[in-house]
């Protein structure tokens, strides 16, 4: 059976900020770096599988639903079992800390963009994820 390639593409603020109140802390920012990052996310994941929690999948705009396979992750699902469903495919894991903690050991590539955001957050990037894969 072909191996599933597991990747993460994410953006972090200057101090590792990831989320605030269930959203991206910089959501709605129209600065070029922020707009380019969103476009880059959709370009990188095009044609691949995007796995994430229900809120993240629900936030994927209609235009982006046509050219990638979306898969909703639930906390009761076993990562090994889920990944076996996609042999030979590239799977991007989205959705933030709880999901990345569960899947970090399978991730072969972390594509991280540092954004010029230096505001509040309640979710942070954990560098330990990088060494679990």
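The values are calculated or read from the model by the stated rules, or taken from the named source; none is laboratory data. This one's a predicted model, so the numbers in the text were calculated from it and none came from an experiment. In this analysis, Cβ positions are derived from the backbone assuming ideal geometry, glycine residues included, and neighbour counts consider all displayed protein chains.
Brief remarks on what is shown
- Conditions (1) loosely packed, with under 12 Cβ neighbours inside 10 Å; (2) in a loop (DSSP other than H, G, I, E, B); (3) over 17 Å from the mean Cα position of the chain (by Cα): number failed by residue 63: (2)
- The lone criterion from (1) in contact with a strand residue (DSSP E or B) (Cβ under 8 Å, 6 or more places away or on another chain); (2) more than 20 Å from residue 13 (Cβ to Cβ) left unmet by residue 76 is number (1).
- Against the list (1) farther than 21 Å from residue 125 by Cα; (2) touching a strand residue (DSSP E or B) at 6+ places or on another chain (Cβ under 6 Å); (3) surrounded by fewer than 16 Cβ atoms within 10 Å (Cβ to Cβ), the condition residue 48 fails is (3).
- Test: residue 12 is within 19 Å of residue 91 (Cα to Cα), surrounded by 12 or more Cβ atoms within 10 Å (Cβ to Cβ) and either out of contact with any strand residue (DSSP E or B) (no Cβ under 9 Å at 6 or more places or on another chain) or at pLDDT 95 or above (or both): no
- If the condition is being within 15 Å of residue 13 (Cα to Cα) and in a loop (DSSP other than H, G, I, E, B), then segment 95-133 contributes 96, 115, 116, 117, 118, 119, 120, 121, 122, 125, 126, 127.
- Boolean, residue 54 is surrounded by 17 or more Cβ atoms within 10 Å (Cβ to Cβ), without any contact (Cβ under 8 Å) to a residue 40 or more places away in the chain and either under 16 Å from the mean Cα position of the chain (by Cα) or within 17 Å of residue 130 (Cβ to Cβ) (or both): no
- Each residue in segment 77-90 was checked for being under 14 Å from residue 53 (Cα atoms) and touching a residue at least 24 places away in the same chain (Cβ under 8 Å), and 2 of them qualify.
- Remark: pairs (first residue in segment 29-41, at positive phi and in a loop (DSSP other than H, G, I, E, B); second residue modelled with pLDDT of 95 or more and surrounded by 15 or more Cβ atoms within 10 Å (Cβ to Cβ); Cβ separation under 9 Å; 6+ apart in sequence or on different chains) are absent.
- Matching residues, segment 107-122, being surrounded by 19 or more Cβ atoms within 10 Å (Cβ to Cβ) and under 18 Å from residue 53 (Cα atoms): 107
- Residue, nearest to residue 71 (Cα to Cα), within segment 1-28, restricted to residues that are part of a loop (DSSP other than H, G, I, E, B) and in contact with a helix residue (DSSP H, G or I) (Cβ under 8 Å, 6 or more places away or on another chain): 4
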